[in-house]
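The values are calculated or read from the model by the stated rules, or taken from the named source; none is laboratory data. Predicted model, so just to flag it, every value in this text is computed and none were measured. Don't worry about glycine lacking a Cβ; one is built from the backbone with ideal geometry, like all the others, and counts go over all protein chains shown. Accessible surface is based on the protein model in full, side chains and every heavy atom, while ligands, DNA and RNA are left aside. Shrake-Rupley method; radii C 1.70, N 1.55, O 1.52, S 1.80 Å.
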Amino acid sequence: MCGIFGMLALQNQINPEKFNLPNSTDIIKHRGPDDYGYFMDDNIYLGHRRLSVIDLKTGQQPVYNEDKTKCVIYNGEIYNFQEIRKNLISCGHTFITSSDTETIIHAYEEWDKDCVAKFNGMFSFAIWDTKKKKLFAARDRLGIKPFFYAEYKGIFYFASEMKAILQFKDFPREIDQDALASYFMLSYIPAPLTIYKQIRKLLPGHTIEVKKGAVKINKYWDLDFYPDHSKSQKQIIEHFSGLLEESVRLRMISDVPLGAFLSGGIDSGIIVALMSKNSSMPINTFCMGFGGNVGGYLDERDYANQVAFRFGADHVEHIVEPDPQNIIENIVNSFDEPFADHSTIPSYYLCQKTREKVTVALSGLGGDELFGGYERYLGFKLSSLYNKLPSFLCEKLIKSIVQKIPERADGHYTINHLKRFVRSANLPQDIRYLNFFSRMDVNKKQMLFSSPENYKESFNNCQELILSYFNAKNASNPLDRVFYCDIKTYLPEDILACTDRMSMRHSLEVRVPFLDHNFMEFCATIPNEMKIKLWDKKHILKKAALKLLPKEVVKHRKQGFVGPMSIWMQTDLKNYIIDILSEENLNRHGLFNYNTVSTILHEHFNRIENNDALIWSLVIFQVWYNNYIN
């Protein structure tokens with residue numbers, strides 16, 4: 001795993017002294033502390049930071065083709081590189097290293113832009129073709145690895161993290177209004193947007209080509225949901241179990257110590273089970289628990305211990321205390337833009353503790369999106385039944401009663417989910433789902449900003465961006481549309497972005513077997529009634545898991561990896577939040593209506609409405625603004 005940064009002059013030449021070349025990758029050293037390298041000529045600079053995982057002795061980058069007319073810098077892993085390598089050797093290519101990186105440059109020589117279709121892995125890479133004076137870059141199919149780019153004053157920039165671009169003092173930091181509205185709706189900023197007007201994210205499954213000053217972006221992969229009802233449940237389980245085991249086996253290839261995240265849920269449990277099956281040594285596993293006032297939070301460490309015991313794992317657990325202000329600066333500086341998923345806090349500590357023992361860890365991320373693991377999926381499915389009730393019963397009675405119920409004193413989300421459900425269940429399907437996961441209701445959206453009329457169009461633009469995926473032709477069944485929408489938005493730019501930044505902050509590589517594209521393409525053919533059966537989320541995956549995991553682990557209630565943030569905000573973190581969201585602090589930029597912010601806090605502290613996600617978004621924004629803008 002590594003970090004990349006590059007600059008291509010679209011006009012004139014690059015001044016090495018002005019941009020402090022070749023030392024400009026120092027700022028992303030955490031992504032690759034083991035080595036560095038660069039290529040530079042009059043109009044291009046390619047810089048690389050290396051975390052050594054495979055081919056420790058000869059895997060330095062950039063890597064060149066035989067006559068050195070092409071070179072590549074790369075962040076990621078190509079898991080099927082040995083198979084591709086054999087094919088390329090039979091085509092006449094000569095290899096001088098054992099690294100997967102060299103496979104990329106020769107594959108590009110052989111198949112040009114179509115090379116990306118050959119790769120099974122997670123990656124972002126950039127190739128410079130000296131003869132054609134062309135830059136060719138790509139991001140993996142699911143967006144596991146990031147790729148940021150910008151064009152400013154005749155220079156095309158790209159990087160694994162935005163800080164590599166922002167390090168230059170004359171680069172502008174103008175806030176993108178659409179991105180800011182999206183952030184408060186979602187707690188993250190969806191691609192292609194970033195918080196900065198001049199910087200964009202390359203979409204997953206896309207390539208970018210820069211030649212003669214022209215920038216061209218192409219899509220090379222997508223996921224289509226076409227349910228196949230011809231197979232029995234047993235046949236489906238056998239097929240996807242085989243694909244997943246092969247995916248795990250490929251992701252265990254490493255020349256450095258390897259481990260796994262073990263949350264106590266079935267996704268990570270299955271990964272550990274399959275790792276143990278394919279290893280002669282005990283698996284290193286790592287788990288997080290939570291301290292302080294945890295209220296109704298269900299700690300899953302006991303379930304993680306059961307899995308670790310069954311497979312003889314070398315298990316480590318760590319307790320996260322409600323003191324995020326000690327790491328919040330590190331979290332904000334890892335993203336370079338506002339990012340407010342609660343899971344950054346346990347993820348930060350999990351990656352920190354994991355890196356003390358291993359360099360590579362496997363994760364169970366992706367199982368929820370593929371098999372229907374979130375509460376909102378069940379809510380969406382049940383809403384169609386709810387809408388069959390008489391409208392007067394839903395609107396006049398049920399909705400009226402539910403809206404008056406106070407939030408639970410232990411901080412659990414049951415009442416909050418119920419309120420979201422009755423507010424949105426009768427809306428059109430796409431708007432209904434958007435409201436299920438949006439962090440803001442209509443009233444707060446209109447009143448959060450001090451100049452709400454300026455943000456009305458931006459909120460609409462965010463809605464159109466998200467719903468363009470829900471309404472895409474890649475799925476016809478409503479629940480499949482939900483899965484597709486999350487796989488294209490929430491998964492890459494929230495879940496995977498969090499995992500990448502927190503892991504690379506600690507120079508840890510994280511691999512995600514559930515996101516093998518072959519596995520995903522098969523899972524997209526599984527009828528969704530096998531994924532959510534009646535009230536049972538992830539039904540078919542649980543059936544498969546019963547062959548591997550203790551019954552208690554498979555059957556227990558899912559908690560998620562966010563921690564007891566709601567109750568922490570009412571107790572341990574209350575004074576910290578009140579201070580950072582004080583009128584004095586908010587007035588430094590004047591973006592928000594202080595009365596609205598006060599109402600948001602009052603509702604949460606007094607259990608009128610659970611606003612923990614919106615409050616945390618405000619807190620993170622304040623810290624980011626002070627560090628990056630102010």
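Summary table below
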| read-out | value |
| --- | --- |
| Reciprocal mean inverse distance between Cα atoms of region 78-157 - Kirkwood radius, Å | 13.7 |
| Loop sites in region 392-501: trypsin sites (Lys or Arg not before Pro), DSSP, at most 14 other Cβ within 10 Å | K404, K473 |
| Amide H contacts under 5 Å for E151, placed H, 5+ residues apart | Y157 |
| Two-site label geometry, E110 and V256: point separation in nm, points 7 Å out along Cα→Cβ | 2.8 |
| Per-selection Rg to Rh, the chain - Cα, Kirkwood hydrodynamic radius | 0.95 |
| Inter-part distance where region 5-32 and region 351-388 are each reduced to a Cα centre, Å | 38 |
| Amide proton proximity set for G259, modelled H, under 5 Å, gap of 5+ | V360, A361, L362 |
| Cut-off under 5 Å, modelled amide H: who pairs with H206 long-range | R139, Y220 |
| Using θ = phi - 60° and Karplus 6.51 cos²θ - 1.76 cosθ + 1.60, couplings along region 228-233 (whole Hz; Gly, Pro as x) | 10, 8, 7, 9, 7, 4 |
| Accessible carbon and sulfur surface of the chain relative to its total accessible area, %, 1.4 Å | 49 |
| Probe 1.4 Å, protein heavy atoms only - accessible area per residue of region 1-158 in square angstrom | 37 |
| Too-long pairs where the Cα-Cα distance tops 24 Å, listed order kept, from K197/K456; K533/K555; K70/K216; K29/K488; K419/K473 | K29/K488; K419/K473 |
| Rg and Dmax [Cα atoms of region 111-210; Å; Rg one decimal, Dmax integer] | 14.6, 46 |
| Global form of region 242-296, assessed from the alpha-carbon gyration tensor, a/c cut-off 1.5 | prolate |
| 1.4 Å probe accessible area per residue over region 166-310, in Å² | 41 |
| Calculated from backbone phi, Karplus (6.51, -1.76, 1.60) coupling profile of region 366-372 in Hz, x at Gly/Pro | x, x, 5, 5, 7, 10, x |
| HN-Hα J in Hz across region 253-270 - Karplus 6.51, -1.76, 1.60, θ = phi - 60°, x for Gly and Pro | 6, 6, 9, 10, x, 10, x, 8, 6, 10, 7, x, x, 6, 5, 5, x, 4 |
| Relative frequency of Cα-Cα separations exceeding 21 Å in region 392-548, percent | 63 |
| Percentage, to the nearest whole number, of Cα pairs in region 157-213 over 16 Å apart | 51 |
| Computed FRET value (nearest 0.05) for K131 with N518, which takes r as the C-beta separation and R₀ as 25 Å | 0.15 |
| Part-to-part distance (alpha-carbon centres) for region 469-520 and region 574-593, which is given in Å | 33 |
| Cα pair count fraction exceeding 15 Å, expressed as % - region 18-104 | 61 |
| Per DSSP, loop chymotrypsin sites (Phe, Trp or Tyr not before Pro) in region 516-594 with at most 13 further Cβ within 10 Å | W535 |
| Largest-first principal axis extents of the Cα set of region 177-242 (Å) | 51, 37, 19 |
| Above-threshold pairs, the threshold being 29 Å between Cα atoms, out of K86/K353; K404/K538; K145/K357; K163/K444 | K86/K353; K404/K538; K163/K444 |
| Reciprocal mean inverse distance between Cα atoms of region 536-630 - Kirkwood radius, Å | 16.0 |
| Computed [θ] at 222 nm, deg cm²/dmol, the chain (DSSP H ≥ 4; -39,500 (n - 2.57); rounded to nearest 500) | -11000 deg cm²/dmol |
| DSSP-defined beta bridges in the chain - what % are antiparallel, rounded to 5 | 75 |
| Rounded accessible area per residue of region 349-436, 1.4 Å, Å² | 43 |
